[in-house]
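> Questions regarding the structure given below will be posed in turn.
The values are calculated or read from the model by the stated rules, or taken from the named source; none is laboratory data. The model shown is predicted, which means the values in this text are computed figures rather than measured ones. Quick reminder, even Gly has a Cβ in these numbers, built from the backbone with ideal geometry, and neighbours come from all protein chains shown. Keep in mind that these areas ignore ligands, DNA and RNA; they rest on the heavy atoms of the full protein, side chains included. Shrake-Rupley method; radii C 1.70, N 1.55, O 1.52, S 1.80 Å.
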There are 2 protein chains.
Amino acid sequence: MDTVKYVLSEDQMPTSWYNIAADLPVPLPPPLHPGTGQPIGPADLAPLFPMELIKQEVSTERMIEIPEEVQKVYRQWRPTPLYRARRLEQELGTPAKIYYKYEGVSPAGSHKPNTAIPQAYYSKQEGVKRLATETGAGQWGSSLALAGALFGIEVVVYMVKVSYGQKPYRRALMETFGAKVLASPSNTTNAGRQILAEHPDSTGSLGIAISEAVEVAAMDPDTKYALGSVLNHVLLHQTVIGQEAMTQLEMAGDYPDIIVGCTGGGSNFSGIAFPFIGAKMRGERDVRVVAVEPAACPSLTRGKYAYDFGDTGHLTPLVKMHTLGSTFIPPGIHAGGLRYHGMAPLVSHLLDLGQIEASAVQQLDAFAAGVQFARAEGILPAPEANHAVAGAIAEALACKESGESKTILFNLCGHGHFDMSAYTDYMAGKLQNYEYPAEEIAMALAGLPSVG
Amino acid sequence: MDTVKYVLSEDQMPTSWYNIAADLPVPLPPPLHPGTGQPIGPADLAPLFPMELIKQEVSTERMIEIPEEVQKVYRQWRPTPLYRARRLEQELGTPAKIYYKYEGVSPAGSHKPNTAIPQAYYSKQEGVKRLATETGAGQWGSSLALAGALFGIEVVVYMVKVSYGQKPYRRALMETFGAKVLASPSNTTNAGRQILAEHPDSTGSLGIAISEAVEVAAMDPDTKYALGSVLNHVLLHQTVIGQEAMTQLEMAGDYPDIIVGCTGGGSNFSGIAFPFIGAKMRGERDVRVVAVEPAACPSLTRGKYAYDFGDTGHLTPLVKMHTLGSTFIPPGIHAGGLRYHGMAPLVSHLLDLGQIEASAVQQLDAFAAGVQFARAEGILPAPEANHAVAGAIAEALACKESGESKTILFNLCGHGHFDMSAYTDYMAGKLQNYEYPAEEIAMALAGLPSVG
């Protein structure tokens with residue numbers, strides 16, 4: 001009973017990204033201008049993003065071609081393996097079949113380069129000199145730093161302060177790739193200075209870091225902004241994951257009954273799930289899809305589906321999403337990549353349409369699942385990925401209970417080699433669960449803008 | 001000009017290890033019993049190793065079959081990719097072609113599982129309950145911990161104290177896989193206690209850690225000893241690397257003029273080079289082979305080819321090797337995996353026969369090469385692997401000088417994701433070169449045993 005790997009040849013690699021907007025039964029609510037409350041157009045986004053990415057953001061074409069230059073870089077680590085977790089199945093004693101797609105083989109150790117590479121490519125094509133971005137756990141920042149090194153673009157990263165402290169080695173990776181890394185909130189932007197004035201001890205949040213990076217891009221014509229999750233074009237780029245997985249499952253003669261992904265901003269989840277949800281919405285094949293989020297930052301399970309700002313400083317357009325309010329600052333849990341107050345509009349919309357489900361996992365349960373997975377399968381997951389592992393194990397144990405042999409697919413979005421301090425803390429009993437009090441969530445939600 | 005990857009299908013994976021002993025023009029000098037000065041036999045090694053590994057240690061068969069159970073685990077990450085480093089070539093402006101085999105895709109991030117897996121497998125087959133071992137940088141220890149988790153064997157690791165401090169996250173990885181990790185010298189063995197009595201501040205060495213692990217295995221019938229380098233059977237297991245590379249270079253229509261590997265104990269170097277050296281010794285095809293070692297631990301370039309102990313506590317047999325003396329304790333350089341006083345007997349023998357060359361690289365030059373490689377190729381090498389990168393770059397620049405378009409192959413034996421503190425120190429200007437004074441080497445060599 002050993003792990004089985006399904007390998008694709010490079011000519012089986014997707015040559016287009018899958019755009020779920022083409023298959024939505026109800027269109028995505030548009031982003032709104034915070035001043036006018038009216039839908040914004042491409043021109044409003046032009047100061048922040050390269051035009052090709054703006055086109056992808058609003059496109060409704062089903063397949064969008066992956067430029068050959070991007071495919072060339074993808075091929076350094078793609079197609080990524082799909083594994084059947086036979087040793088884990090055996091240990092759980094489940095009749096379920098568990099498959100996982102492993103994105104940790106990328107040079108940055110996660111799925112993030114899938115979008116960092118095209119973002120840097122299009123920026124270079126359009127003459128951009130510098131990209132500003134935010135990062136939580138550092139997976140996104142190190143991926144953009146990598147992409148910047150490969151395409152010759154400067155990268156400046158606002159890193160959420162709690163991660164800057166917890167994950168100094170992610171920072172070192174970014175710096176080795178040549179990027180400049182600042183702890184956010186910083187005193188280099190108005191947004192950062194304002195937060196520091198009010199909360200000098202702020203541990204930061206993705207919302208704050210986004211404000212800082214957006215501000216830098218808005219002020220400098222040579223600088224654009226790059227986001228690692230949430231936006232439609234980012235989710236689009238990640239669909240290579242699910243497309244590959246679909247082909248690999250065909251090789252295995254299988255199709256998922258259940259797909260599990262962890263959600264922070266929603267990009268790795270979308271990457272694995274969208275191609276399958278598209279097939280479901282086109283009436284081709286049914287599938288249950290479960291988004292697993294940390295209980296400490298429960299935007300899908302306890303947030304509100306409403307128009308909100310993407311950042312704390314209120315510099316971004318308003319987008320309709322499941323949100324805890326842009327002032328919500330989650331506790332410093334170790335899955336830093338999942339500490340975002342909102343959820344990708346597309347993922348939020350799909351939940352609203354009933355196309356997906358959501359559940360929340362506590363930090364200690366996530367780490368217990370990660371350690372169990374590591375000992376069975378030999379791969380140590382990132383703390384973010386542990387949430388998907390926990391979700392998949394829960395489904396497998398439900399199958400054990402019911403005696404059903406369902407096929408479960410989950411995305412192992414990254415390895416935890418940069419997150420060993422979190423495992424050290426877990427094994428030393430220093431981590432804790434976190435249940436956000438209802439009043440605090442209500443208070444954060446009370447501040448939502450009254451638009452849309 | 002992008003990196004090109006050569007991928008093998010699983011059915012192109014080697015099904016046998018290549019045993020270079022079959023092709024040696026002069027047999028390897030045998031290990032000697034330290035008391036009698038006479039060659040030792042399999043029975044002398046039986047307390048320490050499973051019998052199947054002892055047979056491999058002394059075998060002269062050219063090909064030794066890889067058990068199916070081992071192949072199954074290998075397939076989790078093997079065959080590993082071979083890359084053409086076009087971006088690096090372009091940046092160097094060299095007419096040389098640079099290929100690298102990348103072993104960092106294994107779940108432990110290095111080549112070490114290639115031997116950890118069969119060692120755990122054979123131990124399990126022979127009813128061993130516990131494996132004791134030493135580790136320097138932690139690459140070996142985490143690989144054996146992984147193998148122990150997969151085959152259900154307890155693992156206890158004596159980790160060189162300087163690495164235990166520098167690389168706490170490697171330790172956490174071992175512990176996550178369920179292994180017990182002790183800083184060496186420890187007070188759990190006679191060998192450790194003796195060192196601590198003489199040198200209470202000892203930062204440890206591989207030689208000391210080996211003594212401790214060997215002592216534990218010798219005292220307990222349920223415990224065997226596992227070594228991550230140096231021994232013939234360990235080097236044998238690594239030859240999957242070079243065999244795969246040979247097939248991949250055939251796909252590329254190429255053959256190396258020069259092979260470069262970094263050397264500490266010699267196992268990754270042997271893995272990439274032995275199949276090619278074998279072809280050379282059989283008169284099939286010529287190749288230059290360069291072993292690159294750290295200037296701070298120069299066993300090949302400044303040591304003596306003589307019988308010596310493999311450990312500091314003098315518990316092992318005497319083996320003929322290039323050695324700095326078993327009392328030599330190298331400075332705490334960051335390439336902890338290369339801090340061994342001796343060199344594998346097979347590698348030493350090949351240098352003595354003129355089949356390979358050796359050169360030494362300073363720490364700062366190694367890191368400079370690693371950063372240049374990371375920015376060009378997007379993969380951050382382990383500090384050990386940086387020595388191979390530096391060696392390959394030196395050869396490529398020599399080609400630029402001479403205008404020759406040679407084919408260079410090197411082994412990128414592991415990623416540096418666990419070694420970011422070293423990169424942080426390097427970028428902060430905290431690392432230094434180290435030139436070992438001639439008198440100190442002479443003094444350490446003066447203590448060599450007078451056998452053989």
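> When you scan region A:253-340 for strands (runs of 3 or more DSSP E) that lie fully inside it, which ones turn up with 1 or more residues that are among the hydrophobic types (A, V, I, L, M, F, W, C) and touching a Ser or Thr at 6+ places or on another chain (Cβ under 6 Å)? Don't jump to the end; show me each part of the working.
Values: elements: A:258-262, A:288-294, A:304-309, A:318-323.
Here the list reads A:288-294, A:304-309, A:318-323.
> A further question on this structure: Please find, among A:S163, A:S186, A:S142, the residue that is open to solvent by less than 50 Å² (accessible area, probe 1.4 Å) and farther than 20 Å from A:P383 by Cβ.
Details: A:S163 fails: farther than 20 Å from A:P383 by Cβ; A:S142 fails: farther than 20 Å from A:P383 by Cβ.
After ruling out the rest, the residue left standing is A:S186.
> In addition: Would you check if A:Y122 is within 12 Å of chain B (Cβ to nearest Cβ), out of contact with any strand residue (DSSP E or B) (no Cβ under 7 Å at 6 or more places or on another chain) and at pLDDT 95 or above? Spell out the reasoning first.
Working: within 12 Å of chain B (Cβ to nearest Cβ): no; out of contact with any strand residue (DSSP E or B) (no Cβ under 7 Å at 6 or more places or on another chain): yes; at pLDDT 95 or above: yes.
Taking the combined requirement at face value, the residue does not satisfy it.
> Also, I was wondering about something else. Just give me the residues in region A:65-79 being charged (D, E, K, R) and either touching a residue at least 40 places away in the same chain (Cβ under 8 Å) or more than 8 Å from every other protein chain (Cβ to nearest Cβ) (or both), in sequence order.
Passing the criteria: A:E65, A:E68, A:E69, A:R75, A:R78.
> Here's a follow-up. So for region B:203-215 (the condition being open to solvent by 30 Å² or more (accessible area, probe 1.4 Å), on the phi < 0 side of the Ramachandran plot, away from every other protein chain (no Cβ under 14 Å) and modelled with pLDDT under 95), does at least one residue qualify?
Yes, because at least one residue in region B:203-215 is open to solvent by 30 Å² or more (accessible area, probe 1.4 Å), on the phi < 0 side of the Ramachandran plot, away from every other protein chain (no Cβ under 14 Å) and modelled with pLDDT under 95.
> Further question on the same structure: Which condition does B:R339 not pass, out of (1) over 22 Å from B:P27 (Cβ atoms); (2) at pLDDT 95 or above; (3) open to solvent by less than 10 Å² (accessible area, probe 1.4 Å), if it passes all the others?
In the conditions (1) over 22 Å from B:P27 (Cβ atoms); (2) at pLDDT 95 or above; (3) open to solvent by less than 10 Å² (accessible area, probe 1.4 Å), B:R339 misses (2) alone.
> Moving on to the next point. Would you check if there is a residue in region A:398-415 being within 14 Å of chain B (Cβ to nearest Cβ), open to solvent by less than 10 Å² (accessible area, probe 1.4 Å) and either part of a loop (DSSP other than H, G, I, E, B) or small (G, A, S) (or both)?
Taking region A:398-415 and keeping what is within 14 Å of chain B (Cβ to nearest Cβ), we get A:412, A:414-415.
In the following step, the residues that additionally are open to solvent by less than 10 Å² (accessible area, probe 1.4 Å) were identified as A:412, A:414-415.
So of that shortlist, the ones also either part of a loop (DSSP other than H, G, I, E, B) or small (G, A, S) (or both) come out as A:414.
Yes - at least one qualifying residue is present in region A:398-415.
> Tell me the helices (runs of 4 or more DSSP H) entirely within region A:146-222 that contain at least 3 residues that are among the acidic types (D, E) and out of contact with any Pro (no Cβ under 6 Å at 6 or more places or on another chain).
Values: elements: A:161-166, A:168-176, A:190-198, A:206-219.
Hits in region A:146-222: none.
> For region A:126-134, indicate whether the set of residues that are among the basic types (K, R) and open to solvent by less than 20 Å² (accessible area, probe 1.4 Å) is non-empty.
Taking region A:126-134 as the starting set, the residues that turn out to be among the basic types (K, R) are A:129-130.
With open to solvent by less than 20 Å² (accessible area, probe 1.4 Å) added as a condition, the list becomes none.
Scanning region A:126-134, I find no residue that is among the basic types (K, R) and open to solvent by less than 20 Å² (accessible area, probe 1.4 Å), so the answer is no.
> Now a separate question. Could we say that A:I64 is within 16 Å of A:G271 (Cα to Cα) and aliphatic (A, V, I, L, M) here? Explain how you work it out, then say what you get.
Values: within 16 Å of A:G271 (Cα to Cα): yes; aliphatic (A, V, I, L, M): yes.
So A:I64 passes the test.
> Inspect all residues belonging to region A:262-274 and state whether any of them is under 27 Å from A:V58 (Cβ atoms), in contact with an Asp or Glu (Cβ under 7 Å, 6 or more places away or on another chain) and small (G, A, S).
yes
> When you look at B:G242, is it in a helix (DSSP H, G or I), away from every other protein chain (no Cβ under 14 Å) and either open to solvent by 40 Å² or more (accessible area, probe 1.4 Å) or at negative phi (or both), yes or no?
Details: in a helix (DSSP H, G or I): yes; away from every other protein chain (no Cβ under 14 Å): yes; either open to solvent by 40 Å² or more (accessible area, probe 1.4 Å) or at negative phi (or both): yes.
Judged against the criteria, B:G242 is a match.
> Any residue at all in region A:382-389 that's within 14 Å of chain B (Cβ to nearest Cβ), open to solvent by 10 Å² or more (accessible area, probe 1.4 Å) and aliphatic (A, V, I, L, M)?
Checked against the condition, which is being within 14 Å of chain B (Cβ to nearest Cβ), open to solvent by 10 Å² or more (accessible area, probe 1.4 Å) and aliphatic (A, V, I, L, M), region A:382-389 yields no hits at all.
> Kindly provide the set of residues from region A:341-370 that are aliphatic (A, V, I, L, M) and in a helix (DSSP H, G or I), ordered by number. Please lay out each step first, then the result.
Going residue by residue through region A:341-370, those that are aliphatic (A, V, I, L, M) are A:343-344, A:346-347, A:350-351, A:353, A:356, A:358, A:360-361, A:364, A:366, A:368-369.
Result: A:L346, A:V347, A:L350, A:L351, A:L364, A:A366, A:A368, A:A369.
> For the condition charged (D, E, K, R), within 14 Å of another protein chain (Cβ to nearest Cβ) and in contact (Cβ under 8 Å) with a residue 24 or more places away in the chain, what is the one hit in B:K161, B:K180?
Numbers: B:K161 fails: within 14 Å of another protein chain (Cβ to nearest Cβ).
The match here is B:K180.
> Would you check if B:L82 is within 14 Å of chain A (Cβ to nearest Cβ), modelled with pLDDT of 95 or more and touching a helix residue (DSSP H, G or I) at 6+ places or on another chain (Cβ under 8 Å)? Please lay out each step first, then the result.
Numbers: within 14 Å of chain A (Cβ to nearest Cβ): yes; modelled with pLDDT of 95 or more: yes; touching a helix residue (DSSP H, G or I) at 6+ places or on another chain (Cβ under 8 Å): yes.
Yes; evaluated as a whole, the condition is true for this residue.
> In this structure, is B:S211 in contact with an Asp or Glu (Cβ under 7 Å, 6 or more places away or on another chain), hydroxyl-bearing (S, T, Y) and over 26 Å from B:R75 (Cα atoms)? Steps first, please.
Details: in contact with an Asp or Glu (Cβ under 7 Å, 6 or more places away or on another chain): yes; hydroxyl-bearing (S, T, Y): yes; over 26 Å from B:R75 (Cα atoms): yes.
So B:S211 fits the description; yes.
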